[in-house]
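Quick notes on the structure that follows.
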Amino acid sequence: MAEADPPARSISLGTGVEAIDAAAWDALHDGGNPFVSHRFLSLLERSGSVGPGTGWQAAPLLVEDEGGALVAAAPAYLKSHSQGEYVFDHAWADAWARAGGDYYPKLQIAAPFTPVPGPRLLAKNDEDAILLLRAAEAVVRQNGLSSAHATFVAPEQMPLFEEAGWLVRRDIQFHFANAGYASFDDFLATLTSMKRKQLRKERARAVDGLRIEEFSGAAIRPGHWDAMWLFYQDTGARKWGQPYLTREAFDLMGQTMAEDIILVLAFDGDGRAVAGAMHLLGADTLYGRYWGCLIDIPYLHFELCYYRAIDIAIARGLKRVEAGAQGGHKLARGYGPVATWSAHFIADPGFRRAVADYLETERRAEESEMEWLEGHMPFRQKV
């Protein structure tokens, strides 16, 4: 019996997620990860956080059936720099420039400014997902780009990239795993005695003289967003030189995503908000995103970003907390090392070989680091 012909498909490069029907886009994923949702990606465009002048030009990859219905998509951007990605390829860009090539623009498949693992190929089946990869490769070749990159790819999607021949890169984040704890004290009971004492001291010292409150949904008032913007500005200026999100992005998050946002704010004795952290709710995960402060208080960062996040996850029955990129100091706070993944298509064969060699050396070092981290978790030894 002859095999049926594959269904007809058309592939295109869009000009933005906002122009795509929201229901059609969101039908391509399970809704568990807020950072690939139409509302999040489109608010970045509407707020000017991505677009002209930012180095992030929205160029979503789209696959449609013969009736014009969207059957697969990938959030993609033409990048003129490597900022806001958290998977660092600056050395690759420098090497290619020394060889006489233009590394930028490149194609980036990602949730901008968001080091959160999640689906990057939004499709109902592997065949259409693979078409997205072939589309990315075609964009690179047809436009003379150096490369395409997919960062913080959900682990279950990595085999598709590997089968397509993309180079694989692994990194490490630190996540809290909720082992069915009934309370923070229940979690503390699993730590060594020294670590339990340390965490209790840190929590007590962090909140001394402060009032800590949580706000979500309609309880988040304009003044809370004003405070969170100031905190974000402070941290962004110190870490990145220039904050990625615009002020309007915060207003749009409040208008369209407030039910999925938890602000944890610290107030001083005069009722002034002096520090805050913003978390987003996923289906089974709490995502720690932004933090900042106006005064330096020891351990307050840990309290608002890590310990309160654990409290929230336990209270809501969430499986884990993902508290952002890097941060080996999270290990002592009960956040364990977890592998994160990216995939890279390099057009030039010689450049590809050089990057592959680099990644092999990096992989061996990363495996040693992961082994060391796993051997230094703060939990009591099981008998």
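Some notes on this structure:
- Excluding ligands, DNA and RNA, the accessible surface per residue across the chain is 45 Å² with a 1.4 Å probe.
- Applying 1/(1 + (r/R0)^6) with r as the Cβ-Cβ distance of Gln83 and Asp126 and R0 = 30 angstrom yields a FRET efficiency of 0.40.
- Distant-in-sequence amide contacts of Ala59, defined by a placed amide H-H separation under 5 Å and a gap of 5 or more residues or a different chain, comprise Ala76, Tyr77, Leu78.
- The slack between Leu230 and Arg353, meaning 0.36 nm per residue of separation minus the straight C-alpha distance, is 39.8 nm.
- Summed residue charge, Cβ within 14 Å of Ile109's Cβ, Lys/Arg positive, Asp/Glu negative: +2
- Whole-Hz Karplus values for region 339-352 come out as 6, 10, 10, 9, 9, 9, 10, 10, 6, 6, x, x, 5, 4 Hz, taken residue by residue from phi with 6.51 cos²θ - 1.76 cosθ + 1.60 and θ = phi - 60°; glycine and proline positions read x.
- Summed residue charge, Cβ within 15 Å of Ala22's Cβ, Lys/Arg positive, Asp/Glu negative: -2
- Largest to smallest in accessible area, the residues Thr15, Thr54 fall in the order Thr15, Thr54 (1.4 Å probe, all protein chains included).
- Positive-end residue of Leu294, Ala177, Gly16, charge dipole of the chain with Cβ unit charges: Leu294
- Surface composition of the chain: carbon plus sulfur atoms hold 51% of the accessible area, using a 1.4 angstrom probe and ignoring ligands, DNA and RNA.
- In order along region 40-57, the phi-based Karplus estimate (6.51 cos²θ - 1.76 cosθ + 1.60, θ = phi - 60°) of 3J(HN,Hα) comes to 6, 5, 6, 5, 5, 6, 5, 8, x, 6, 10, x, x, x, 9, x, 10, 9 Hz; Gly and Pro are listed as x.
- Computed from Cα positions, the angle between helix 247-256 and the longest principal axis of the chain comes to roughly 90 degrees.
- Most mobile listed residue (Asp311, Asp296, Asp284) in the chain, GNM with C-alpha springs under 10 Å: Asp296
- Checking the Cα-Cα distances for Lys79/Lys330; Lys79/Lys319; Lys195/Lys319 against a 25 Å cut-off, the pairs over it are Lys79/Lys330; Lys79/Lys319.
- Size of charge dipole - the chain - debye, nearest 20, with Cβ of Lys, Arg +1 and Asp, Glu -1, no other charges: 1440
- The long axis of helix 222-239 is offset from the longest Cα principal axis of the chain by roughly 70 degrees.
- Taking the helices alone, the chain has a mean residue ellipticity at 222 nm of -10500 deg cm²/dmol, built from -39,500 (n - 2.57) per DSSP H run of at least 4 residues and averaged over all its residues.
- Inter-label distance, Ile212 to Ala138: 5.2 nm, where each label sits 7 Å from its Cα along the C-beta direction.
The values are calculated or read from the model by the stated rules, or taken from the named source; none is laboratory data. Bear in mind that the values here come from a model prediction, so they are computed numbers and not experimental data. As a convention, Cβ positions derive from the backbone with ideal geometry for all residues, glycine included, and neighbour counts pool all protein chains shown. The accessibility values were calculated without ligands, DNA or RNA, using every heavy atom of the protein model including side chains. Shrake-Rupley method; radii C 1.70, N 1.55, O 1.52, S 1.80 Å.
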